[in-house]
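Let me begin by presenting the structure, written as structure tokens, before commenting on it.
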Amino acid sequence: MRKKLVIVGNGMAPGRMLEHLFEADKEAYDVTIFNAEPRVNYNRLMLSPVLSGEKTYTDIITHDDDWYAEHGVTLHKGARISKIDRTEKTVTSETGIIAEYDKLVLATGSNPFVIPIPGHDLDGVMVYRDLDDVEKMLEVSRTGGRAVVIGGGLLGLEAAAGLKEQGMEVTVLHLMPTLMERQLDNAAGALLEKSILARGIDVITGANTKEIIGKDQKVAAVSLDDGTLIEAKIVVMAVGIRPSTDLAIQSDLECQRGILVNDNMLTSDPDIYALGECVEHRGQCYGLVAPLYEMAKTLAADLLDTSLPYTGSQTATKLKVSGIDLYSAGDFEDAPDREEIVLRDGISGLYKRLVIKDNKILGAVLYGDTAEGPWFFDLLKKGTDISDMRDTLIFGQAYQGGAPLDPIEAVAALPDDAEICGCNGICKSTIVTTITDKGLTSLDDVRSHTKASASCGTCTSLVENLLQLTAGDAYNPSAVTPVCTCTGLGHSDVRNAIRAQSLKSIPDIMQRLEWRTSSGCAKCRPALNYYLIAEWPGEYEDDNQSRFINERVHANIQKNGTYSVVPRMWGGLTTADELRAIADAADKYNIPTIKVTGGQRIDLLGVEKEDLPSVWADLGKAGFISGHAYAKGLRTVKTCVGSDWCRFGTQDSTGLGVRLEKFLWGSWAPAKVKLAVSGCPRNCAEATCKDVGVICVDSGFEIHFAGAAGLDILGTEVLGLVKTEDDALEYITALIQMYREQGHYLERLYKWARRVGHDVIRNSIMEDTNTRKALFERFVISQKYCQSDPWSERVSGKDKHEFNPLKTIELEAAE
């Protein structure tokens with residue numbers, strides 16, 4: 001019989017503990033989580049990139065709702081625990097939920113320290129600890145103003161950099177003489193201050209804050225004890241954290257600074273564990289993630305009656321501010337019995353310092369080049385004797401043994417237990433084993449399966465070297481392909497930046513994302529144009545000159561320079577009057593070829609460019625609009641006759657096809673989209689090789705997706721069964737919108753589905769009602785601005801220069 005495991009808190013540490021637990025034994029416990037925050041587990045290390053606009057909340061989710069469902073975990077969101085009954089072994093939430101436990105894990109985290117100075121409770125005084133804090137700062141930053149950040153440590157500087165990126169003026173106040181004095185020595189602190197100042201952020205060290213001055217109960221200024229007065233719209237306090245022990249104290253568990261635990265993470269109650277920043281172990285409280293992950297592994301083992309004692313951690317620190325590279329580990333204080341090795345490069349701003357005692361590294365401080373940080377840290381943790389490499393130690397691992405090592409040889413020389421990803425506590429052997437066992441061949445694969453390099457990204461080069469070493473020729477470094485040679489960023493990176501940084505024009509994108517060319521190229525401009533249209537409907541105006549010729553003139557150019565015209569026929573239906581209009585236009589404009597297409601449309605081939613508006617005008621009088629045969633968007637919905645005429649038909653496939661086409665046409669997509677609706681499983685409309693297909697059955701409508709019948713031949717995947725036409729319309733629309741929002745430009749739907757994962761898409765559309773309805777609504781909003789007939793617009797004179805014939809210029813001979 002399964003035991004009941006209740007977890008109070010849903011941060012990174014309990015999330016990692018559950019991963020270890022489920023990996024070892026999925027059936028041991030029924031797990032219930034109470035999370036005070038109204039959301040799933042996310043990577044708090046990535047709050048700084050969210051604040052700066054480099055990432056969004058969805059980018060930093062660790063375990064989504066589907067993960068909890070897949071593992072049978074009951075997650076109560078927004079349900080803070082108010083009481084633990086140790087006698088009855090129950091917990092009670094503020095929302096009235098009571099849960100029994102056999103084992104209880106307290107992962108209550110820490111609370112930010114707020115300096116109790118006058119004005120600390122004014123509206124506009126904030127802390128920087130969780131996503132709610134970030135969202136408050138982002139909201140305030142939209143209207144500009146000055147932010148004062150009290151605290152020049154890790155969190156304070158990351159908050160300052162993020163607020164500056166969001167357009168605020170920022171002043172950092174720090175009590176000590178140098179920034180990050182707990183992690184850096186004076187020399188590195190001075191270099192860091194110089195870099196912060198270069199970003200346009202003011203820094204005042206030795207600053208003792210006296211008072212926060214308010215006006216109408218809101219922050220107006222900050223006063224220092226030397227009389228300095230700094231105007232401020234908000235004040236962010238980032239001066240430290242304290243373990244959250246209130247619940248434990250209330251429950252009579254032994255606490256000092258934190259909740260006291262032994263080497264198995266057990267508290268003074270043998271059925272209650274504690275984990276994470278709320279813990280005090282051997283007199284130490286930890287605020288960095290690596291020790292928390294080590295605790296998580298120990299706790300998971302103990303839950304399964306396996307001994308894996310936690311004996312404490314040595315920690316390393318990195319600053320997650322884009323463009324500033326620093327790393328520190330261990331003890332770097334001066335002492336008579338210690339030596340130091342220092343390397344400085346004044347021109348490049350590089351500084352490295354190793355503190356040594358008895359031929360062992362005690363501490364390391366790196367600024368400007370942190371690539372050797374993990375190697376130095378590994379030597380420090382293991383107490384390695386560095387006597388034989390002392391002369392070249394400061395230059396890094398590559399220089400040991402005389403000649404510099406190739407980067408692949410250097411990573412091969414690392415021991416199996418060397419830490420590669422400090423953010424997620426991933427060692428070399430974990431990455432190598434996963435690559436081998438799962439046949440991974442790309443960086444994204446490794447990130448997905450191990451989380452290595454998925455957070456701050458500073459270990460990316462090490463992970464790539466491990467990939468090349470382990471996978472050999474199967475590893476393709478260009479698997480994450482840049483949009484073009486104008487940038488090193490991939491399509492997903494660009495799309496995320498547009499969304500996160502609210503970039504709303506092509507020049508904005510190129511400036512903020514540091515394009516290598518002044519105006520882009522024929523490869524990136526159409527992609528950027530599409531991403532802006534998809535992200536900002538109604539705000540961004542389509543840049544016609546960033547489109548290919550077919551899209552500019554709304555017809556397909558042929559090899560002889562003429563064009564083809566394909567009017568839209570809803571669901572493949574037409575009328576005698578429409579056919580006459582096509583015939584009349586063909587005669588009137590001497591159109592040489594008329595062809596029935598595979599998508600149940602009629603194609604008029606050989607139209608002169610200057611005749612296009614006139615042909616469209618005549619066809620428009622008969623009710624035709626553009627069939628978008630040139631478009632990256634919905635082209636056709638192919639149907640069979642269905643229950644109206646076919647004796648095997650189960651549903652009105654033609655009617656549904658018409659309805660889908662009339663609803664979906666207009667909005668642009670990453671690539672062309674083709675649909676089909678078959679009235680029965682005989683599948684006469686060939687729905688199982690389309691981007692989206694529907695097979696009508698007696699019980700409703702079976703939706704298929706991700707098929708192909710062009711250069712690639714691919715049968716569809718089943719999305720799911722729905723009961724009504726209304727449901728089919730909603731689910732298909734949500735699927736197409738998901739593709740619109742996530743697809744890379746020119747990436748067909750089946751390739752997007754393969755990249756993202758069929759199950760991920762299926763769960764988002766079929767299981768997650770809120771996500772599906774939100775996708776549907778966003779598509780409807782897009783249609784308000786995109787569902788207009790381009791043919792009739794151009795008949796009315798829009799872009800008429802595109803259709804003017806070239807003038808013949810006759811030159812006279814020079815005399």
Look at segment 265-284 and say how many of its residues are in a loop (DSSP other than H, G, I, E, B) and either without any contact (Cβ under 8 Å) to a residue 40 or more places away in the chain or under 19 Å from Lys89 (Cα atoms) (or both).
9
Consider only pairs whose beta carbons are under 6 Å apart and that are at least six residues apart or on different chains; among these, list those whose first residue lies in segment 427-439 and is assigned to a strand (DSSP E or B) and whose second residue is open to solvent by less than 60 Å² (accessible area, probe 1.4 Å).
Cys427/Glu419
Considering only residues that are in a loop (DSSP other than H, G, I, E, B) and farther than 20 Å from Tyr286 by Cβ, which ones fall in segment 224-264?
Asp225, Asp226, Gly227, Thr228, Ala232, Lys233, Ser251, Asp252
Would you confirm whether any residue within segment 369-385 is closer than 30 Å to Gly53 by Cβ, at pLDDT below 85, of a type outside the set (Ser, Thr, Tyr) and in contact with a Cys (Cβ under 6 Å, 6 or more places away or on another chain)?
no
Suppose the filter is within 16 Å of Cys640 (Cα to Cα), in a loop (DSSP other than H, G, I, E, B), open to solvent by 30 Å² or more (accessible area, probe 1.4 Å) and of a type in the set (A, V, I, L, M, F, W, C); does Cys680 pass it?
no
Within the set of pairs 6 or more residues apart or between chains, which connect a residue that is more than 18 Å from Glu741 (Cα to Cα) inside segment 519-535 to a residue that is of a type outside the set (A, V, I, L, M) and outside any helix (DSSP H, G or I) with Cβ atoms less than 6 Å apart?
Gly520/Cys486; Cys521/Cys484; Cys521/Cys486; Lys523/Cys484
Selection status of Ala669, in contact with a Leu (Cβ under 9 Å, 6 or more places away or on another chain) and either farther than 13 Å from Gln651 by Cα or aliphatic (A, V, I, L, M) (or both):
yes
Cys486 touching a residue at least 12 places away in the same chain (Cβ under 8 Å) and within 25 Å of Gly666 (Cβ to Cβ)
no
Looking at segment 62-80, I want the residues that are among the aliphatic types (A, V, I, L, M) and have a partner that is assigned to a loop (DSSP other than H, G, I, E, B) and surrounded by fewer than 14 Cβ atoms within 10 Å (Cβ to Cβ) with Cβ atoms under 6 Å, at least 6 apart or on another chain. Which pairs are those?
Ala79/Thr95
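If you check Tyr310, Tyr293, Tyr273, which single one turns out to be in contact with a Gly (Cβ under 8 Å, 6 or more places away or on another chain) and of a type outside the set (D, E, K, R)?
Within the list Tyr310, Tyr293, Tyr273, the selection yields Tyr293.
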Hey, can you tell me all the residues within segment 443-459 that are modelled with pLDDT of 80 or more, closer than 20 Å to Thr56 by Cβ and in a helix (DSSP H, G or I)?
Arg447
Which condition does Thr108 not pass, out of (1) among the hydroxyl-bearing types (Ser, Thr, Tyr); (2) open to solvent by 20 Å² or more (accessible area, probe 1.4 Å); (3) over 22 Å from Asp225 (Cα atoms); (4) free of Cβ contacts under 8 Å to residues at least 60 places away in the same chain, if it passes all the others?
(4)
Name the residue, out of Ala629, Ala581, that is surrounded by 16 or more Cβ atoms within 10 Å (Cβ to Cβ) and in a loop (DSSP other than H, G, I, E, B).
Ala629
Taking segment 326-344 and keeping only residues that are of a type in the set (Gly, Ala, Ser) and open to solvent by less than 10 Å² (accessible area, probe 1.4 Å), one is left with Ser328, Ala329
Gly623 vs. criteria among the small types (Gly, Ala, Ser) and either closer than 27 Å to Asn550 by Cβ or part of a strand (DSSP E or B) (or both)
yes
Where Gln651 falls short, out of the listed (1) at pLDDT 95 or above; (2) open to solvent by 10 Å² or more (accessible area, probe 1.4 Å); (3) within 20 Å of Leu719 (Cα to Cα); (4) not hydrophobic (A, V, I, L, M, F, W, C)
(1)
Qualifying position, being open to solvent by less than 20 Å² (accessible area, probe 1.4 Å) and either under 26 Å from Val760 (Cβ atoms) or not aliphatic (A, V, I, L, M) (or both), among Ile386, Ile435:
Ile435
Kindly provide the set of residues from segment 690-743 that are closer than 29 Å to Arg647 by Cα, charged (D, E, K, R) and in contact with a Pro (Cβ under 9 Å, 6 or more places away or on another chain), ordered by number.
Glu702
Within segment 545-571, can you find the residues that are open to solvent by 30 Å² or more (accessible area, probe 1.4 Å) and under 40 Å from the mean Cα position of the chain (by Cα)?
Gln545, Phe548, Ile549, Asn550, Arg552, Asn556, Ile557, Trp570
Hey, could you check segment 770-793 for residues that are part of a helix (DSSP H, G or I) and of a type in the set (Ser, Thr, Tyr) and say which is least open to solvent (accessible area, probe 1.4 Å)?
Ser782
Identify, from the list Ala301, Ala274, Ala296, the residue that is among the small types (Gly, Ala, Ser), within 19 Å of Met12 (Cα to Cα) and touching a His at 6+ places or on another chain (Cβ under 7 Å).
Ala296
Given the conditions (1) under 26 Å from Asp263 (Cβ atoms); (2) assigned to a loop (DSSP other than H, G, I, E, B); (3) at pLDDT below 90, and given that Ser307 satisfies all but one, which numbered condition is not satisfied?
(3)
Could you list all residues from segment 345-363 that are touching a residue at least 40 places away in the same chain (Cβ under 8 Å) and either of a type outside the set (D, E, K, R) or exposed (fewer than 15 other Cβ atoms within 10 Å of the Cβ) (or both)?
Gly349, Tyr351, Leu354
Strands (runs of 3 or more DSSP E) wholly inside segment 10-103 containing at least 1 residues that are open to solvent by less than 60 Å² (accessible area, probe 1.4 Å) and touching a Ser or Thr at 6+ places or on another chain (Cβ under 8 Å):
29-35, 74-77, 81-85, 90-93, 98-100
Provide a single number: the residues in segment 224-253 that are in contact with a Leu (Cβ under 6 Å, 6 or more places away or on another chain) and open to solvent by 30 Å² or more (accessible area, probe 1.4 Å).
0
Against the definition (of a type in the set (Val, Ile, Thr), touching a strand residue (DSSP E or B) at 6+ places or on another chain (Cβ under 9 Å), surrounded by 15 or more Cβ atoms within 10 Å (Cβ to Cβ) and more than 27 Å from Leu288 (Cβ to Cβ)), how does Val483 come out, yes or no?
yes
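Against the condition under 30 Å from Phe332 (Cα atoms), hydrophobic (A, V, I, L, M, F, W, C) and out of contact with any Phe, Trp or Tyr (no Cβ under 7 Å at 6 or more places or on another chain), how does Leu184 come out, does it pass?
So Leu184 passes the test.
The values are calculated or read from the model by the stated rules, or taken from the named source; none is laboratory data. For clarity, every value in this text was computed on a predicted model and none was experimentally measured. Note that we place each Cβ from the backbone using ideal geometry, even for glycine, and neighbour counts take in every protein chain shown. To get the accessible areas, we keep the full protein, side chains included, count just its heavy atoms, and leave off ligands, DNA and RNA. Shrake-Rupley method; radii C 1.70, N 1.55, O 1.52, S 1.80 Å.
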